[in-house]
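Chemist: Input: one structure, supplied below.
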Amino acid sequence: MEAETFVASRWTRGNLLFPTRLIVSDQSVMRRKRSWFSVSEESIHIRNVASVDITTGLLWSTIRIDSSGGSDPIRSRGHSKSDARRIKELIESLQAHLGSGASAGPDGDTKACPWCAETIKKAAKVCRYCNRELD
Ligand SMILES: [Zn+2]
């Protein structure tokens, strides 16, 4: 997946000149904030995200991403409600992906049965679901 960048609104406190950016990639969530002379970055690995909380005010949402790895939470304010929802969904789906990837084992030793489309081992001679012979 390509990283998605969410930029805080310039009309919120602290964001006029250099709005905060939240960058979500399949590896990590990063908060990037520029100032005149420097760029500060904090990031949490997707694996270490403990929770994503959204607090929505009248106009803007504040996002808080807690880490299970002991580092400080990432906070970013001034995001639109839809961006905030998207960020939460993205992170949660990435985490779900990590989980299923770990339990599915290495890819590449399974295939779909040409007869019944169930997932079976590549080396199988007979499908264990429909018992048909494979070539
Ligand atoms: Zn089959």
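Chemist: Please determine, by comparing only the residues of the range 114-135 that are within 9 Å of the ligand (Cβ to nearest atom) and in a strand (DSSP E or B), which one is modelled with the highest pLDDT.
Modeler: It comes out as VAL126.
Chemist: Related question: Right, SER40: within 24 Å of GLN95 (Cβ to Cβ), outside any loop (DSSP other than H, G, I, E, B) and out of contact with any Phe, Trp or Tyr (no Cβ under 7 Å at 6 or more places or on another chain) or not? Before the answer, list the steps.
Modeler: Values: within 24 Å of GLN95 (Cβ to Cβ): no; outside any loop (DSSP other than H, G, I, E, B): yes; out of contact with any Phe, Trp or Tyr (no Cβ under 7 Å at 6 or more places or on another chain): yes.
The answer is no for SER40.
Chemist: Separate question: Does ARG31 count as of a type in the set (Lys, Arg), touching a strand residue (DSSP E or B) at 6+ places or on another chain (Cβ under 7 Å) and touching a residue at least 24 places away in the same chain (Cβ under 8 Å)? Spell out the reasoning first.
Modeler: Details: of a type in the set (Lys, Arg): yes; touching a strand residue (DSSP E or B) at 6+ places or on another chain (Cβ under 7 Å): yes; touching a residue at least 24 places away in the same chain (Cβ under 8 Å): yes.
Yes; evaluated as a whole, the condition is true for this residue.
Chemist: Please work out which one of (1) in contact (Cβ under 8 Å) with a residue 12 or more places away in the chain; (2) touching a Lys or Arg at 6+ places or on another chain (Cβ under 8 Å); (3) more than 30 Å from CYS127 (Cβ to Cβ) is the condition CYS113 fails and give its number.
Modeler: Just one mismatch for CYS113, condition (3).
Chemist: Hey, another quick one. Of the conditions (1) in the same structural domain as ARG10 (by TED's automatic domain parsing); (2) surrounded by 13 or more Cβ atoms within 10 Å (Cβ to Cβ); (3) more than 23 Å from VAL7 (Cα to Cα), ILE120 satisfies every one except a single condition; which number is it?
Modeler: The single condition ILE120 does not satisfy is (1).
Chemist: Let me ask you something else. Starting from residues that are hydroxyl-bearing (Ser, Thr, Tyr) and at pLDDT below 80, keep the ones in the range 94-113 and report whichever is surrounded by the most Cβ atoms within 10 Å (Cβ to Cβ). Break it down into steps so the answer makes sense when it comes.
Modeler: Let us first name the residues in the range 94-113 that are hydroxyl-bearing (Ser, Thr, Tyr), namely 100, 103, 110.
From the residues that got through so far, the ones that are at pLDDT below 80 too are 100, 103.
On the way: SER100: 9, SER103: 6.
The extreme case among them is SER100.
The values are calculated or read from the model by the stated rules, or taken from the named source; none is laboratory data. Note that the structure is predicted; figures quoted are calculated from it, not measured. Every residue, glycine as well, gets a Cβ built from its backbone with ideal geometry; the counts of neighbours run over all protein chains shown.
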